[in-house]
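Participant: Next up is a structure, given as C-alpha cells.
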Amino acid sequence: MGSDMIIAAGSGGSGAFNLLLLLAVPLVFYFLLIRPQSRRRKEQMNMQNAMTPGARVLTTSGMRATVVEVDDDGVVLEIAEGVEVRFVKQAVMQVLKDDDPDDVDDELDDELDGDDDQDGDDERVDLSKDAGTDASAEDEADGEDGADESEPKGRAKVKAADKPSA
C-alpha cells in the first residue's frame with residue numbers, strides 16, 4: 001500500500017511543467033482576447049473622434065445619416081432632409097464610404113411608389129401556402145362540393161382580405 005502512493009506521486013509530473021502551464025494560460029488569454037479587443041476599441045475611438053461634417057455614418061441602431069455638426073460629447077446627424085437628431089458619439093458605429101449604393105435604394109423606392117399610384121388597391125398579395133391557385137376557382141369548387149365544409153379554403157381568405165384595416 002505504501003509503494004502505491006510512491007508510484008502515484010512520482011508519475012504526477014514535474015513542478016516546472018505545472019508552473020509553465022500556469023503561466024501559459026494567462027498569456028493565451030491576453031493575446032487571443034484582451035489585446036484584439038483593446039485594439040478594436042482604440043480604432044473605434046479614433047474613428048469617432050475623426051468624424052467631420054458631411055460624412056455619411058451608420059449608427060448602432062442601423063440608421064444611415066449625414067454628420068451635420070460635431071461637438072465634444074456628441075454629434076448632430078441628419079437622418080432625412082430637414083430632420084436633424086442629436087446623438088452621442090458612441091452611437092456612431094461606422095463611417096460609410098462615398099461609394100455606398102444608397103442612390104440605388106432611393107431609385108427602387110421611387111419606382112415602387114410610382115407603381116402603387118397607377119395600380120391603386122386592385123393589387124393584393126396572397127400569403128397563403130397555396131398561392132398558386134386562384135381564389136375564385138376555389139369558391140366555385142366549394143359551392144359545387146358542399147360536403148367538405150370543415151376546411152375553409154378560398155372563402156375565408158377572401159373574407160379576411162375584404163376586412164378594413166384599422
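Participant: For segment 74-116: of the residues being among the acidic types (Asp, Glu) and modelled with pLDDT of 85 or more, which is farthest from Thr52 (Cα to Cα)? Don't jump to the end; show me each part of the working.
Facilitator: Residues of segment 74-116 that are among the acidic types (Asp, Glu), as a first pass: 78, 81, 84, 98-100, 102-103, 105-107, 109-111, 113, 115-116.
Filter again for modelled with pLDDT of 85 or more, leaving 78, 81, 84.
Values: Glu78: 13, Glu81: 19, Glu84: 16 Å.
Selected residue: Glu81.
Participant: Another question, then. Could you look through segment 36-81, keep only residues that are open to solvent by 100 Å² or more (accessible area, probe 1.4 Å), outside any strand (DSSP E or B) and charged (D, E, K, R), and pick out the one that is nearest to Leu96 (Cα to Cα)?
Facilitator: It comes out as Glu43.
The values are calculated or read from the model by the stated rules, or taken from the named source; none is laboratory data. In this text, all values refer to a predicted model and were calculated from it rather than measured experimentally. In case anyone asks, the SASA skips ligands and DNA or RNA and just uses the protein heavy atoms, side chains included. Shrake-Rupley method; radii C 1.70, N 1.55, O 1.52, S 1.80 Å.
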